[in-house]
Structure formats: structure tokens, C-alpha cells
Amino acid sequence: MTMRTGLIVAVLVLSGATMPSSPDLGKKEGQCRVDERGPSLRVSVTGLKDRQGNLKLEVYPADNEDFLADDNVLLSAGKVFRRIEMPVPSSGPVELCIRVPKAGIYAASLLHDRDGDRKFGWRVDGIGFSSNPKLGWSKPKAAKVAFTAGSGPTRLSIVMNYRSGLGVAPLQ
């Protein structure tokens, strides 16, 4: 982080100010090109409850402080954040592609936004993470969802989890 970036982040934190969130943050950087050959993640999605709503895939640094952190804060600090969104396909296999800045270790989350409100509602929406950890009452630790992206496309499969009793789990 440059001294200037660090100063900007410090001023924002000390003042309690936040930048307005935008659903477009990280999208330009995350968009795969046709026949993407660079460092990227190709995610096949399994266990969808239905074919309604949208899918939102996000990539974060693989550390507990930054995993699932506010996108504005991450980008302001010069940290990795990538996002792509797409409608759930009406049929067939579901695969998403998202670019990462370089080969390395990252963490990913996938939201099945069934009601279209752009945020996770545990009663309605589905959630999944890279490495498919068993989910409990809190977000998983970054080490449980970390994956290594190579210099070309890296394939992963994410299993979706939905409300099950008082928690969330894959559909049976």
C-alpha cells in the first residue's frame, strides 16, 4: 500500500466516513474475456434450489480480516476484490468465470440472490464458498475457503447452501 492510499484509508476510518457502495465495484476487473486464458476462476455451481434470481460471485484476499470485508474498504486499500453477477440460467449446467489479478491464494463467495435484493437473506437466498466448508453460525474462516489460482483458468465447484432448520446446509 502506498503512503497516500494508507493516509486516505486512515482518514476514512478515523472520520467514520464510508464511500457509497456500488453494485458495479469490482465488475470491470472481474469480467472474463471470451476464451479467457489468464489467471481466472471457472466455477461450476451445483445444488441450486431453483432457477430464479441472480448469482453473484466475489473474490477476496484469503485472510480473515479481508474475507467478506466491505468492497469499498478493500478497493480503497488497494486490495483484491472482484465481482461478477449474472441471471441464473433457466436450464443446463451453471458455470461462472471471474478474473483474478495474478496467480495466488484467494477466497470466494457465491450468492444465489433469489429475491433480487443484492444481499444475503438466510431465509430466502443460497450461499456457497470456495472449498465448500461446512457452514455454522458465522462466516467461515478464510483458511477454510482458500484456493490457489494458477496462471491460467482454475476450475472449482461450489455447492450451494440454503436454510435448513436454524442453519444453512446443502439441499438433500
| query | In degrees between 0 and 90, to the nearest 10, how far off the longest principal axis of the chain does helix 3-15 point, with axes built from Cα atoms? | reply | 70
| request: Report the calculated FRET efficiency for ARG33 and SER90 (r = Cβ-Cβ distance, R0 = 25 Å), to the nearest 0.05. | output: 0.50
| task | Please give the FRET efficiency for SER44 paired with ARG163, using the beta carbon to beta carbon distance and R0 = 25 Å, rounded to the nearest 0.05. | result | 0.65
| field | Spatially proximal aspartates and glutamates relative to LYS144 (Cα-Cα < 15 Å; intrachain offsets below 8 disregarded) | value | ASP63, GLU65, ASP66
| query | For region 26-111, what's the relative contact order in percent, using C-alpha pairs closer than 8 Å and at least 6 residues apart? | reply | 49
| request: Compute the convex hull volume of the Cα atoms of the chain, divide it by the residue count, and report the result per residue in Å³ as a whole number. | output: 124
| field | Over the chain, relative contact order from alpha-carbon pairs under 8 Å, at least 6 apart, % | value | 29
| request: Note down the magnitude of the dipole of the chain about its Cα centre, charges +1 on Lys and Arg C-beta and -1 on Asp and Glu C-beta and zero elsewhere, to the nearest 20 debye. | output: 260
| Positive-end residue, the chain charge dipole about Cα centroid, Cβ charges, pick of LEU48, GLY121, LEU111 | LEU48
| message | For a Förster distance of 41 Å, can you work out the FRET efficiency between the beta-carbons of ARG123 and ALA103, rounded to the nearest 0.05? | response | 0.60
| note | Note: probe point = Cα of ALA143 + 7 Å toward Cβ; backbone nitrogen < 16 Å; residues of region 67-82 passing the test are 67
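The numbers here are math on the coordinates, done by the rules we state, and not lab data. Since this is a predicted model, take the numbers as computed values, not measurements. Note that we place each Cβ from the backbone using ideal geometry, even for glycine, and neighbour counts take in every protein chain shown.
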